[in-house]
């Protein structure tokens, strides 16, 4: 009888100890993150600080992943790759992503709109964000090894990210993305040529496209 009682007490202590141990264990890697990785992915994503898009009531936040690279003297280092952009509208229950997945790297995203005004001569006015964004041009490349060495795609969206369209592929570099007069003007390099495109800022409809001839040097 004593042996049975001792065995029962031992089992109770064991169960209690196991429960306490499990309750104090930290969550598995990635399970406590705001954005979960897609099925089968081992990457750990971080959602950045939300910021207001100028001239709208919509916020955006970059989704990034920390990547290792040999930037430091000892061959170790890290940098962030932006994989998507989240648009948050306070009047809507659900946020929305710019891209349908995380299979691309966003190399650059440019706000296009009315330029900010400031005292003449200030260098920061050249690269200042517009006071009212009418469109966003995003330069994306497929996620792969040495992705920077490959051409990418250009996406043009409205200022809230609701309407997104691909306007060019095989793009090597973006030269210009700005509101010029009554047109959105985009100049980029493709297949060793410069291409210029013009869009209506209200509908984002393409108005024209042409290649720019570059005279040979003599």
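Using Cα-Cα distances under 8 Å and only pairs 6 or more residues apart, what relative contact order does segment 44-212 have, in percent?
Details: 376 pairs, mean separation 22.3, N = 169.
Reported as a whole number, the value is 13 percent.
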- Query: Using 1/(1 + (r/R0)^6) with R0 = 22 angstrom and r between the beta carbons of residue 196 and residue 80, what's the FRET efficiency to the nearest 0.05?
  - Reply: 0.10
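What does the extension gain come out to for residue 211 and residue 170, with contour length at 0.36 nm per residue minus their alpha carbon separation? Walk me through the numbers on the way to the answer.
Numbers: separation 41, 0.36 × 41 = 14.76 nm, distance 1.42 nm.
Fully extending the segment from residue 211 to residue 170 adds 13.3 nm.
Per residue, how big is the convex hull around the C-alpha atoms of segment 44-212? Give it to me in cubic angstrom, could you?
Numbers: hull volume 26.5 nm³, N = 169.
Taking only Cα atoms, segment 44-212 has a hull volume of 157 Å³ per residue.
Mind ranking 80-89, 179-188 by how tightly packed they are, going by the mean number of other C-beta atoms within 10 angstrom, highest first?
Details: 80-89: 18.6, 179-188: 16.8.
Result, highest mean Cβ count within 10 Å first: 80-89, 179-188.
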- From the square roots a ≥ b ≥ c of the eigenvalues of the alpha-carbon gyration tensor of segment 149-218, which class results: rounded (a/c under 1.5), prolate (a/b over b/c), or oblate? oblate
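Every number here is computed from the coordinates shown, using simple stated rules; none is lab data. What you are looking at is a predicted structure, and each value in this text was computed from that prediction instead of being measured. Here Cβ is always computed from backbone atoms with ideal geometry, including for glycine, and neighbour counts include all displayed protein chains.
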